[in-house]
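Working notes for the structure below.
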2 protein chains.
Amino acid sequence: MTTDKYVIGIDFGTESGRVVVVRVRDGEEMAAVVVRYPDGVLDETLPGGGQLEPDTALQNPRDYFLVLERGVPQALKQAGVKANDVIALGTDFTSCTVFSTTQDGTPLCFLPKYRREPLAWAILWKHHAAQPEADRLNDIGRERDEEFIRMYGGKYSSEWFFAKVLQILNDSPEVYEAASRLIEGTDWIVWQLTGQEKRNNSTAGYKAMWVKGKGFPERGFFRAVHPRLENVIQEKVGTEFYPLGTPAGGLAARWARATGLREGTPVSTGVADGHASIPASTVTKPGSLSMVMGTSFVQMLMGRERRIVEGICGVVEDGIVPGYWGYEAGQYAGGDMFAWFFDHAVPAHARSQAKKLKLPFTAWLEKQAAALRPGESGLLAVDWWNGNRCVLVDADLSGLLIGATLSTPPEAIFRALLEAAAFGTRQIIDAFDAMGLHTQDVVACGGLPAKNRLLMQIYADVLGREIKVAKHPQTCSALGAAIHAATAASRQAGGYDSIAEAAAHMAHLRSETYRPRPENQKIYNRLFQEFRILHDYFGRGVNDVMKRLKALRREILAL
Amino acid sequence: MTTDKYVIGIDFGTESGRVVVVRVRDGEEMAAVVVRYPDGVLDETLPGGGQLEPDTALQNPRDYFLVLERGVPQALKQAGVKANDVIALGTDFTSCTVFSTTQDGTPLCFLPKYRREPLAWAILWKHHAAQPEADRLNDIGRERDEEFIRMYGGKYSSEWFFAKVLQILNDSPEVYEAASRLIEGTDWIVWQLTGQEKRNNSTAGYKAMWVKGKGFPERGFFRAVHPRLENVIQEKVGTEFYPLGTPAGGLAARWARATGLREGTPVSTGVADGHASIPASTVTKPGSLSMVMGTSFVQMLMGRERRIVEGICGVVEDGIVPGYWGYEAGQYAGGDMFAWFFDHAVPAHARSQAKKLKLPFTAWLEKQAAALRPGESGLLAVDWWNGNRCVLVDADLSGLLIGATLSTPPEAIFRALLEAAAFGTRQIIDAFDAMGLHTQDVVACGGLPAKNRLLMQIYADVLGREIKVAKHPQTCSALGAAIHAATAASRQAGGYDSIAEAAAHMAHLRSETYRPRPENQKIYNRLFQEFRILHDYFGRGVNDVMKRLKALRREILAL
């Protein structure tokens, strides 16, 4: 009998990092440790003091180190696993989170000279201050008919790599000059662990305009955007990118000491958190839509070839699983929209009734909403509480609720919001479908599938497809990082030779799935027709009232 | 020095009756007494037992007697006024509330034989079970091109006289047969007080198809509706109607004893509560729009001639003040819509913050909403929480909220609802205006103007007109009844010779008015354009989604 082998997966999230120890043979989660970031999201002041502009979101890189130093030893201990039996380590990271560093990878914010410069810190994915920069990139990109405009469904987001880089150049030119390297967090942490800067080809494709076989837009594009950006690729980014699930190097001595792992333990290339979760939900080929349902929703589907799909967030060759084109779509508001409802629109009587039944009020609301049949609420909502990401790609759209009467109870509104999210997803699946990218079933992970059964049933009924749920929906990303690690280790060292093979052994679904109920499907087909009419009326320029309301609000606030 | 003279006004409302003693010289309110109806609105069971159908709303006529027996002596005592100094008594009543009685006016429900028959009780204005009957009246009316179709803006309501009468005939034919008289509550109470059946021409016009100089639709119409209805006018209703503010008779001995008033004290003809409040808000001629702002909103305007105005609830010659055509319009949801919001959509944190400031949470919400500038909420609502009464006359329309985001606070929604009510009123005023019926200013009474200053300012800003408020907005109807009484008494007996003259002395406004603020008006003009686009898109058949949602709901509930 041979000893079991293990891999470690580390998921660097927005508020905390999560370390799992996973058995390679069957994916069994031996331990899971969460380490909260002491500094969390920096959106008001810098750690050393210093006020931040609105829409700024930064992080302190020391928080990530803490996850390694505390989380790994604790997870090993909890799992009862010895360092010698750990065959590889994998990480995933929020994306697009951008670092400016010295030649050896030290974040500029660690240098006294730059610690008071906000943009010398890690610029978090949800930093929203680079919209003017994104606008400029899109304008020049469209003028020059750059490939990336098509790749990203017509629009490069303010959250992405070059928007943030351009903001550094515009707002803190001295940080830009001092930055020997500009790098995604997911590649930076791998560099820290191994001492080698080996970037992955997936975030390069989804966030940084890189195309397999073609590379980046040419210098002329960057020069047109800003003269000092002309050589950004050659000077600060580099042109070599490595596939997902390949070894980036061995664990450096410093981190071996700090974590208790063996020096030289293979470390896999970086991956974005959303993408890591896909093989962890058993999805490794076309046909199954993988959906991460958290504060926002991300849908990912693979295809054998490249198609142009309306309003898609990105399509990248090898971007999810090598060998396929990975398509990414999403909805800006998911759990966030339900949280808005819980915080801002649930009446006191709902809380007191829930208390009487000794239920959390959210569970009480779900129970009440579940007692309503489709169509019974008389309501219809459109899920644009945070704008529309796909297929309209328009942050200036807003939420809509129609059908309220004097007897509309809060649970009816709650159910309408759940249904609206599902209608929004159906719109995306239909867009894929129209281009020949068919979705047979949906596999869900993230925070919501574990706790909201009603939402999952509504999804099955609205989409008319079976909804499966990952075995541990809340630790999908960390398991995904572990799967990447097992692949980087290779079969020779006790791992696997491909992500698909690793996922086939290590990823599992819950036995319970949600199947569409024909009688509900019929009603939802009718309601979805109504949703689509409103979607097009308000979203495709027939009546731009939502944009005018937002513009008016901005005008008033600027007075 | 002559002794001051007084009149008594009695307002028979939905939940209670209100008795005021008013000084004739200047309208000073000497006393006001409220008597709650012990049986209130009967909508579940009859007093002696017996389950009621959904949408039924009845009352026990004994409750009205109690208002006379308890309220009048108490008010006289409180005012320190002697019966000899009371020169007349006036009443107003909810409308259209329908009684079936014996030849002497005894309600059939007082007879043991009929006490278990729901429709033998007073059928309250908000009884909503006669929709099939209203549909039939409208169908036959349209087929025969009857005058009343135009009078009522295209549609006779299920709340009105002949819809209820036809329901009695359909559902309780023995009650219909036994009813020697079928009569509006406002005429019935006057008959009780004086012993003489003298009906007023205003409710006859607004609710019972009667036209001055022409009378009722001819027998052929009623026969076409139902063979046994053919002679309803001749047998059970009568054809003589008396103007508002004229004497209907003297107080009967029985009621003199019960109230402590002199036998023979003049009693004025009956009037509907909404109409009574108009002269009490000083409005007695064209140009000022009188608006009752309670659970629903009613707008009344006078004109020198008859015009056809889109979707008006009714236009009746002499219907408000003799000498003018009275136009009535309204919104089904007013205070009701705000109450829905308070009950169903105000989060716990609003209540706890209000508590900290020792404010009722409604006052806290108003304070927060008042701090928002027009347009700042980013929201726009359409006020159809209870359907649209004017100008679309469509109960199947429903509420709409547009513009919600993840940071929309409850006070923004509250403000949007206040604005929506004002936009709905503006739509009505614009419809009047388009027909040459111009509104210079608005005089408000009812429960809301006394308590919601923000609402009144929003009205001024949205309507672009000065909003005045009656001195005692909550007792407008009772004061109106008193003004009718003073007119019935005539100048000879210490009263006045016309309603206009009486109102000129007895009705007063608050010195504080609400004037439009030009900067707000500009913003609201822009928002009203948006409101109008949505109003027409959802209300005029471009997208009937609201009707389809209601139809689907009914379909689901019927399964």
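Can you pull the one-decimal nm distance between simple spin-label points at A:D497 and B:T513, each 7 Å off the Cα toward Cβ?
9.1 nm
Below 8 Å, C-alpha to C-alpha, sequence gap of six or more: please give me the relative contact order for the range A:181-325 in percent.
25 percent
Can you tell me the FRET efficiency between A:K82 and A:Q529 if r is taken as the Cβ-Cβ distance and R0 is 51 Å, rounded to the nearest 0.05? Before the final figure, lay out the partial values.
Values: r = 60 Å, r/R0 = 1.17.
For A:K82 and A:Q529, the calculated efficiency is 0.30.
Over the alpha carbons of the protein assembly as shown, what is the largest minus smallest coordinate on each principal axis, giving the biggest first in Å?
The Cα atoms of the protein assembly as shown stretch 112, 55, 50 Å along the principal axes, largest first.
Between Rg and the Kirkwood Rh of chain A, both from Cα atoms, what is the Rg to Rh ratio? Present the calculation step by step, with values, prior to reporting the outcome.
Details: Rg = 23.3 Å, Rh = 24.2 Å.
Computed over Cα atoms, the ratio is 0.96.
Amide H of B:A248: which non-local residues (sequence gap of 5 or more, or other chain) have their own amide H closer than 5 Å, using H built in the peptide plane?
HN-HN under 5 Å from B:A248: B:V267, B:S268, B:T269.
Taking amide hydrogens as modeled 1.01 Å from N in the peptide plane, which residues meet the under 5 Å criterion relative to A:D92, leaving out close sequence neighbours?
A:I10, A:D11, A:F12
By count of other Cβ within 10 Å, fewest leading, how are A:F432, B:F65 ordered? Don't skip to the answer; put the middle values down first.
On the way: A:F432 23, B:F65 15.
Placing the least packed residue first, the sequence is B:F65, A:F432.
Which GluC sites (Glu not before Pro) from the range A:447-512 combine a DSSP loop assignment with at most 13 other Cβ atoms within 10 Å?
Counting only loop positions with at most 13 other Cβ atoms within 10 Å, the GluC sites (Glu not before Pro) in the range A:447-512 are A:E512.
Check A:V469: other-chain or 5+ apart residues with amide H under 5 Å from its amide H, H built from backbone geometry?
Close amide H contacts, sequence-distant or interchain: A:A444, A:R510.
Full-extension gain between B:D441 and B:L52, please, as 0.36 nm times their residue separation minus the C-alpha to C-alpha distance.
135.6 nm
What average count of beta carbons from other chains do you get within 10 Å of the Cβ of residues in B:405-413? Mind showing how you got there, number by number?
Values: counts 13, 14, 4, 6, 4, 4, 1, 2, 3.
Mean partner-chain Cβ count within 10 Å for B:405-413: 6.
Considering Cα pairs under 8 angstrom that are at least six residues apart, work out the relative contact order of the range A:1-115 and quote it in whole percent. Numbers along the way, then the final one.
On the way: 183 pairs, mean separation 33.0, N = 115.
Computed value for the range A:1-115: 29 percent relative contact order.
Mind ranking B:323-329, A:23-29, A:46-52, B:435-441 by how tightly packed they are, going by the mean number of other C-beta atoms within 10 angstrom, highest first?
Averaged packing, sorted descending, gives the order B:323-329, A:23-29, B:435-441, A:46-52.
Using the Cα centre of chain B as origin and beta-carbon charges of +1 (Lys, Arg) and -1 (Asp, Glu), tell me which of B:W125, B:A204, B:L251 is placed farthest towards the positive end of the dipole.
The listed residue farthest towards the positive side: B:L251.
When DSSP beta bridges are limited to those with both residues in chain A, what percentage is antiparallel, rounded to the nearest 5?
Restricted to chain A, the bridges split so that about 70 percent are antiparallel.
Exceeding 27 Å between C-alpha atoms, which entries from my cross-link table qualify? They are A:K126/A:K547; B:K358/B:K451; A:K164/A:K547; A:K358/B:K451.
Violating the 27 Å limit, Cα to Cα: A:K358/B:K451.
Give me A:E147, B:E411 sorted ascending by neighbouring Cβ count inside 10 Å, so fewest comes first.
The order, fewest Cβ neighbours first, is A:E147, B:E411.
How large is log10 I(q)/I(0) at q = 0.14, 0.16, 0.20 Å⁻¹ when the Debye formula is applied to the Cα atoms of the range B:125-269, each weighted equally and without solvent?
The Debye formula, applied to the Cα set alone, gives -0.70, -0.87, -1.21.
Arrange B:D145, A:D187 by Cβ neighbour counts within 10 Å, fewest through most, would you?
Least crowded to most crowded, the residues run B:D145, A:D187.
Ordered by residue, what ³J(HN,Hα) values in Hz, to whole numbers, does the range A:173-186 give under the Karplus form 6.51 cos²θ - 1.76 cosθ + 1.60, where θ = phi - 60° and Gly and Pro are x?
These are the phi-based 3J(HN,Hα) values: x, 6, 5, 4, 5, 6, 6, 5, 10, 10, 8, 5, x, 5 Hz.
Just tell me how shielded A:340-352 is by partners: mean number of partner chain Cβ atoms within 10 Å of each residue's Cβ, no decimals.
Going residue by residue through A:340-352 and averaging, the value is 6.
On average, how many beta carbons from a partner chain sit within 10 Å of the beta carbon of a residue in B:526-537?
2
Over the protein assembly as shown, what is the percentage of antiparallel beta bridges among all DSSP beta bridges, to the nearest 5?
70 percent
Using θ = phi - 60° and the Karplus form 6.51 cos²θ - 1.76 cosθ + 1.60, what ³J(HN,Hα) does each residue of the range A:27-34 get, whole Hz, x for Gly and Pro?
Values per residue, Gly and Pro as x: x, 4, 7, 7, 7, 9, 10, 9 Hz.
Per residue of the range B:359-374, what does 6.51 cos²θ - 1.76 cosθ + 1.60 with θ = phi - 60° give for ³J(HN,Hα)? Whole Hz please, x for Gly and Pro, Karplus curve as stated.
3J(HN,Hα) across the range B:359-374, in whole Hz: 10, x, 5, 5, 5, 4, 4, 5, 4, 5, 5, 5, 6, 7, 7, x.
Between B:K285 and B:L557, take the C-beta separation as r, use R0 = 30 Å, and let me know the FRET efficiency to the nearest 0.05.
0.05
Which length gain, in nm to one decimal place, applies between A:D536 and A:Q74 when the Cα-Cα distance is subtracted from 0.36 nm times their residue separation?
Answer, rounded to one decimal: 161.1 nm.
Once you measure Cβ to Cβ distances between cysteines in chain A, which Cys have no partner under 4.7 Å?
A:C96, A:C109, A:C313, A:C390
Can you give the FRET efficiency to the nearest 0.05 for B:K126 and A:K212, using r as the Cβ-Cβ distance and R₀ = 60 Å?
Computed FRET efficiency for B:K126 and A:K212: 0.30.
Please tell me the relative contact order of chain B in percent, rounded to the nearest whole number, where contacts are Cα pairs under 8 Å and at least six residues apart.
About 16 percent, as a whole number.
With a 10 Å radius around each residue's Cβ, average the other Cβ atoms per peptide and rank B:369-377, B:333-341, A:266-274, highest first.
A:266-274, B:333-341, B:369-377
For the pair B:S352/B:K522, report the inter-label distance in nm, with labels modelled 7 Å from Cα in the Cβ direction.
Here the modelled spin labels are 4.2 nm apart.
Every number in this text was worked out from the coordinates using simple rules, so none of it is lab data. Model, not experiment: these values are computed from the prediction. As a convention, Cβ positions derive from the backbone with ideal geometry for all residues, glycine included, and neighbour counts pool all protein chains shown.
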